[in-house]
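*Asks:* First the structure, then my questions, so here it is.
The values are calculated or read from the model by the stated rules, or taken from the named source; none is laboratory data. Given the structure is predicted, the values throughout are model-derived calculations rather than measurements. Glycine also receives a Cβ, built like all others from the backbone with ideal geometry; neighbour counts cover every protein chain displayed. Side chains included, ligands, DNA and RNA excluded: accessible areas come from the protein's heavy atoms. Shrake-Rupley method; radii C 1.70, N 1.55, O 1.52, S 1.80 Å.
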Amino acid sequence: MKVGFVGPFGDTNFGDYAMLVNAIYFLHPAESIVFTYKPGFLDVLQKQYLSDFHIQQVVAENQYRYTPQYGEHYSVEYDDTVLSSAEIFAFISNMETVRETVAQIDILYVCGGGYFNRVWSAKHRKGKLISIMSVILAAEEAGKPIFFGGNTYGPFDESEELFRGFFLSLHHARLATRDDVFSIDNLQRMGIRSPIYLLPDDLYFLDTRLKKIPSTLMKEQGENEYILLELYSSIEELKTLLPQIRNFVMVMKQRYHLTVLFVPLDKMYGGEKQADFLKQEIPELIFLGFDGLEYRRIEDIQHLVQDAKFVLCQRYHLFVLAMANNIPAMNILKDVCGDKRYYYSKTNGLLRQIFSNQDYDQGLFMTDHISTALEQIASGLYEIQTRQREFFNDKKELAERQMQDKKEQYFSELLEVDMIE
């Protein structure tokens with residue numbers, strides 16, 4: 001069987017490429033075609049993780065042009081222009097190549113993630129969204145079965161008509177989501193009447209083979225016990241929090257005897273630039289930089305999380321790995337489109353699944369602001385750890401088995417290519 005994979009591939013966002021690798025390991029197709037919007041990065045991934053798989057790479061070359069301006073202040077320009085399928089195809093300079101390649105696959109798997117929302121109609125991402133949509137629409141046009149992984153849908157806001165037209169045009173697709181907080185309702189409000197399946201996040205059950213890869217990340221001598229910290233808010237915001245972050249590092253060391261390890265998960269202003277800034281201002285923080293690597297190794301992050309005493313993060317997938325490894329953690333919800341619906345939907349969606357048979361306190365696992373999180377952990381780390389560990393029990397294991405069963409059932413049906421008429 002030849003499986004096509006499409007999603008936000010081409011950047012160094014940890015969750016996106018880790019989910020792709022994990023999905024290929026899980027499905028283990030005889031042949032794969034990965035559709036991307038930028039060449040190069042998949043070659044690096046293939047050398048590191050996918051050398052045992054027969055994989056072809058096809059770039060959907062979009063002609064949408066916008067040059068983003070990066071800096072300490074986070075600013076977004078949106079393009080909510082509604083595009084028909086024909087207009088989306090017209091943006092792809094090699095559309096005939098994309099069509100010819102799609103014709104070769106048996107099924108298309110739309111990898112999990114959070115790229116069906118208004119943020120991806122922002123000018124700095126819309127070209128990538130057009131590339132992804134073009135592949136999915138080409139598969140629809142060719143009558144190929146399309147299976148969506150654990151995605152988050154929305155918030156759509158002003159871009160709703162763009163996404164409404166896209167999803168209503170898919171008649172050969174099986175939709176799935178990783179949360180039942182807002183995503184299902186967001187789709188149904190746009191007129192989607194087909195079943196929407198609830199699945200685990202594509203990275204929650206990390207393949208055993210990936211877990212067994214030894215980590216090459218060397219921690220400094222004496223860092224036997226640590227709290228893992230990850231932030232990628234704007235540098236402008238971090239400047240206002242410097243005294244509190246500095247005090248947090250001191251309290252962790254003096255009161256709890258823990259080193260604070262700062263780990264950026266993405267390049268540039270996805271965390272790397274923030275790390276550079278904090279390194280200059282707070283030398284007491286221990287920083288785990290990229291050290292010449294093009295991206296974060298999956299096994300490095302897995303080992304860092306499973307050995308941590310606590311994980312405090314803004315990146316959702318760092319929180320996912322913490323929960324999967326039964327490591328106490330707090331997810332700081334970032335603003336997206338002016339509020340926290342997007343991250344709340346993802347984070348609480350995860351909690352609803354893993355604690356489906358337990359009554360849990362949302363505030364124990366997530367918070368709205370960096371300052372609140374720093375205060376709560378500095379004043380009550382032991383209590384938070386103890387309370388969270390009470391949920392890492394047999395009931396959680398039962399919920400996880402049920403999640404795994406849903407995933408295996410969904411993927412087994414995915415491989416029955418004649419199931420969709």
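*Asks:* Go through (1) open to solvent by 30 Å² or more (accessible area, probe 1.4 Å); (2) at pLDDT 95 or above; (3) over 22 Å from the mean Cα position of the chain (by Cα); (4) not hydroxyl-bearing (Ser, Thr, Tyr) one by one and return the number of the condition Glu72 breaks.
*Replies:* (2)
*Asks:* Identify all residues within region 265-281 that are closer than 17 Å to Asn247 by Cα and surrounded by fewer than 18 Cβ atoms within 10 Å (Cβ to Cβ); write none if there are none.
*Replies:* Phe277, Lys279, Gln280, Glu281
Residue-wise test of (1) touching a helix residue (DSSP H, G or I) at 6+ places or on another chain (Cβ under 7 Å); (2) among the acidic types (Asp, Glu); (3) at pLDDT 95 or above.
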{"residue": "Lys144", "(1), (2), (3)": "yes, no, yes"}
{"residue": "Glu158", "(1), (2), (3)": "yes, yes, yes"}
{"residue": "Glu161", "(1), (2), (3)": "no, yes, yes"}
{"residue": "Gly165", "(1), (2), (3)": "no, no, yes"}
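*Asks:* Take Gln358 and decide whether it is surrounded by 16 or more Cβ atoms within 10 Å (Cβ to Cβ), of a type in the set (S, T, N, Q), more than 20 Å from the chain's Cα centre (by Cα) and over 30 Å from Ser159 (Cβ atoms).
*Replies:* no
*Asks:* Among the candidates Ala378, Ala399, single out the residue that is touching a residue at least 60 places away in the same chain (Cβ under 8 Å) and surrounded by 15 or more Cβ atoms within 10 Å (Cβ to Cβ).
*Replies:* Ala378
*Asks:* List, please: which pairs have Cβ atoms under 7 Å, are six or more places apart or on different chains, and start with a residue in region 85-100 that is closer than 12 Å to Ala60 by Cβ and end with one that is among the charged types (D, E, K, R) and open to solvent by 50 Å² or more (accessible area, probe 1.4 Å)?
*Replies:* These pairs meet every condition: Ile92/Glu61; Ser93/Glu61; Asn94/Glu61.
*Asks:* Test Asn94 against the criterion of being open to solvent by less than 70 Å² (accessible area, probe 1.4 Å) and modelled with pLDDT under 95, and give yes or no. Even if it seems obvious, please write down each step before you answer.
*Replies:* Details: open to solvent by less than 70 Å² (accessible area, probe 1.4 Å): yes; modelled with pLDDT under 95: no.
No; evaluated as a whole, the condition is false for this residue.
*Asks:* Could you tell me whether any residue of region 284-295 is under 26 Å from Phe116 (Cα atoms), buried (at least 20 other Cβ atoms within 10 Å of the Cβ) and under 18 Å from the mean Cα position of the chain (by Cα)?
*Replies:* Among the residues of region 284-295, not one is under 26 Å from Phe116 (Cα atoms), buried (at least 20 other Cβ atoms within 10 Å of the Cβ) and under 18 Å from the mean Cα position of the chain (by Cα), which makes the answer no.
*Asks:* Also, quick follow-up: Regarding Leu210, is this residue open to solvent by less than 10 Å² (accessible area, probe 1.4 Å), out of contact with any strand residue (DSSP E or B) (no Cβ under 9 Å at 6 or more places or on another chain) and either farther than 22 Å from Gly112 by Cα or at pLDDT 95 or above (or both)?
*Replies:* Against the criterion (open to solvent by less than 10 Å² (accessible area, probe 1.4 Å), out of contact with any strand residue (DSSP E or B) (no Cβ under 9 Å at 6 or more places or on another chain) and either farther than 22 Å from Gly112 by Cα or at pLDDT 95 or above (or both)), Leu210 qualifies.
*Asks:* To continue, here is another question. Restricting the search to region 329-383, which residues are within 21 Å of Leu398 (Cα to Cα) and of a type in the set (Asp, Glu)?
*Replies:* Answer for region 329-383, where residues must be within 21 Å of Leu398 (Cα to Cα) and of a type in the set (Asp, Glu): Asp359, Asp361.
*Asks:* Got at least one residue in region 286-308 being more than 30 Å from Gln46 (Cβ to Cβ) and modelled with pLDDT of 95 or more?
*Replies:* no
To keep it simple, each residue is scored yes or no on (1) more than 17 Å from the chain's Cα centre (by Cα); (2) of a type in the set (D, E, K, R); (3) closer than 10 Å to Cys111 by Cβ.
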position	(1), (2), (3)
Lys2	yes, yes, no
Val6	no, no, yes
Ala23	no, no, yes
Glu31	yes, yes, no
Thr36	no, no, no
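*Asks:* Among the listed residues Gly143, Gly165, Gly112, identify the single one that is within 18 Å of Gly15 (Cα to Cα) and either more than 20 Å from the chain's Cα centre (by Cα) or buried (at least 24 other Cβ atoms within 10 Å of the Cβ) (or both).
*Replies:* Gly112
*Asks:* Might you check whether a residue that is within 21 Å of Leu312 (Cα to Cα) and part of a helix (DSSP H, G or I) occurs anywhere in region 193-204?
*Replies:* no
*Asks:* Right, something else. Starting from region 300-328, keep only residues that are under 17 Å from Ala373 (Cα atoms) and open to solvent by less than 20 Å² (accessible area, probe 1.4 Å), then list their pairs with residues that are in a loop (DSSP other than H, G, I, E, B) and among the aromatic types (Phe, Trp, Tyr) whose Cβ atoms are within a distance under 7 Å, requiring at least 6 positions of separation or different chains.
*Replies:* Once the first residue is under 17 Å from Ala373 (Cα atoms) and open to solvent by less than 20 Å² (accessible area, probe 1.4 Å) and sits in region 300-328, its partners that are in a loop (DSSP other than H, G, I, E, B) and among the aromatic types (Phe, Trp, Tyr) give Gln314/Tyr232.
*Asks:* Does at least one position in region 408-419 carry a residue that is out of contact with any helix residue (DSSP H, G or I) (no Cβ under 8 Å at 6 or more places or on another chain), surrounded by 14 or more Cβ atoms within 10 Å (Cβ to Cβ), in a helix (DSSP H, G or I) and at pLDDT 95 or above?
*Replies:* Looking through region 408-419, none of the residues is out of contact with any helix residue (DSSP H, G or I) (no Cβ under 8 Å at 6 or more places or on another chain), surrounded by 14 or more Cβ atoms within 10 Å (Cβ to Cβ), in a helix (DSSP H, G or I) and at pLDDT 95 or above.
*Asks:* Given the condition of a type in the set (Asp, Glu) and over 24 Å from His303 (Cα atoms), answer yes or no: does some residue in region 253-272 qualify?
*Replies:* Looking through region 253-272, none of the residues is of a type in the set (Asp, Glu) and over 24 Å from His303 (Cα atoms).
*Asks:* Inside region 352-378, can you point out the residues that are small (Gly, Ala, Ser) and part of a helix (DSSP H, G or I)?
*Replies:* Within region 352-378, Gly363, Ser371, Ala373, Ala378 meet the criteria.
*Asks:* A further question on this structure: Residue by residue through region 185-197, note down the ones that are open to solvent by 40 Å² or more (accessible area, probe 1.4 Å) and of a type outside the set (Gly, Ala, Ser).
*Replies:* Selection gives Asp185, Gln188, Arg189, Arg193, Pro195, Tyr197.
*Asks:* Among (1) assigned to a loop (DSSP other than H, G, I, E, B); (2) crowded, with 16+ Cβ neighbours inside 10 Å; (3) among the β-branched types (Val, Ile, Thr), where does Thr216 come up short?
*Replies:* (2)
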